[in-house]
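Have a look at the structure below before the remarks.
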Amino acid sequence: MSVADGGRQWPDEVSVENARATLLQLLARAGVPHDDARQLIGLLEAGALALAYEELSAARSVPGEAGPAGSAQDGARAVLEELGAVAERTLVRAVGAEGQQGPAGERPRARRMEVERARVAVTPLYLSFTAASELDPEVTDEVLAAVLGTMTPRQRAGYAGRLTEFTADHRARLERMFAGFGPGSAITMHGRYSLLHSATSIAVLERLAAAPQELREEWDAVELPPAWLDGLTTAWNAPA
């Protein structure tokens with residue numbers, strides 16, 4: 001649509017594809033693998049559609065507001081449901097269907113971009129409880145890869161929201177734990193409580209609560225120190 005049309009100036013299909021291709025090229029120059037870049041863009045597209053669906057669903061359910069009657073209301077509902085279906089198809093293209101697994105029923109290994117998304121999600125949550133005191137970055141990646149290994153790609157796509165919900169539900173308990181065992185406490189960084197000095201502790205705790213057996217299997221598979229899990233569990237269960 002041109003400016004002379006006087007309507008909404010939304011990007012057309014060609015312009016959207018141009019933006020996507022430009023972003024892919026920029027990410028490639030930054031060293032991001034093509035498949036990772038396409039998945040990240042796909043998640044953004046699916047997320048935008050899903051958020052629009054949620055916003056419109058909420059607007060339709062506002063108490064006391066009269067909606068369109070008869071066939072108009074049915075048409076609005078159909079359009080809304082199709083928007084939700086488009087969001088679902090976009091997400092499936094990006095990460096696969098719910099429950100999709102690799103050979104022999106195994107969950108696929110975490111990709112670089114998935115590990116980075118987990119790091120971006122967990123770091124500000126960790127810093128809302130304590131000061132920065134990060135473990136070696138390579139170790140951080142290994143821990144996050146083990147955590148993500150307990151999930152399907154579809155579950156990993158929504159992991160940031162799951163982490164945020166976990167910290168909100170357990171904020172008081174997390175505050176006590178970090179005060180007693182984390183940076184600034186009398187506990188040193190090295191030893192069985194090492195994970196309390198890493199942002200990954202939030203991610204590990206969420207998985208200990210949601211999928212403990214799967215986490216221990218992944219932990220053993222990548223040969224991370226068992227004492228780290230035991231120490232984190234002890235700190236988490238310490239009396240108030």
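The values are calculated or read from the model by the stated rules, or taken from the named source; none is laboratory data. Because the structure is predicted, anything quoted here is derived from the model rather than measured. A quick note on method: Cβ atoms are made from the backbone with ideal geometry, for glycine too, and the neighbour counts reach across all protein chains shown. To get the accessible areas, we keep the full protein, side chains included, count just its heavy atoms, and leave off ligands, DNA and RNA. Shrake-Rupley method; radii C 1.70, N 1.55, O 1.52, S 1.80 Å.
Per-residue surface analysis assigns Thr140 an accessible area of about 0 Å², computed on protein heavy atoms at 1.4 Å probe radius.
Relative to the longest principal axis of the Cα atoms of the chain, the long axis of helix 13-29 lies at roughly 20 degrees. Taking Cα atoms, how many degrees apart are the long axis of helix 112-127 and the longest axis of the chain, rounded to 10 and kept between 0 and 90? Relative to the chain, helix 112-127 is tipped by roughly 70 degrees. GNM on the chain, alpha-carbon springs under 10 angstrom: the most fluctuating residue among Pro183, Pro11, Pro153 is Pro11. In the chain, the longest principal axis of the Cα atoms and the axis of helix 212-221 are about 70 degrees apart. Computed over protein heavy atoms with a 1.4 Å probe, the accessible surface of the chain works out to 57 Å² per residue. Each part gets one Cα centre, and for the range 202-220 versus the range 6-49 those centres are 33 Å apart.
Only protein heavy atoms count here; under a 1.4 Å probe, Arg173 has an accessible surface of about 80 Å². GNM on the chain, alpha-carbon springs under 10 angstrom: the most fluctuating residue among Val95, Val204, Val14 is Val14. For the range 151-215, the square roots a ≥ b ≥ c of the C-alpha gyration tensor eigenvalues yield an a/c of 1.5 or more together with a/b exceeding b/c, which makes the shape prolate. With all protein chains in place and ligands, DNA and RNA left out, the 1.4 Å accessible area ranks His170, His190, His197, His34 as His190, His34, His170, His197, largest first. When you restrict to C-alpha pairs under 8 Å that are six or more residues apart and normalise by the size of the chain, the relative contact order lands at 18 percent. Within the chain, what's the longest run with no GluC sites (Glu not before Pro) in a DSSP loop and at most 10 other beta-carbon atoms within 10 Å? Give the range, please. Maximal segment without exposed cleavage sites: 107-222. When the alpha-carbon atoms of the chain are used, the pair Rg, Dmax equals 22.0, 69 angstrom.
When the chain is treated as a Gaussian network with alpha carbon springs shorter than 10 Å, the biggest mean-square fluctuation among Ala48, Ala145, Ala30 belongs to Ala30.
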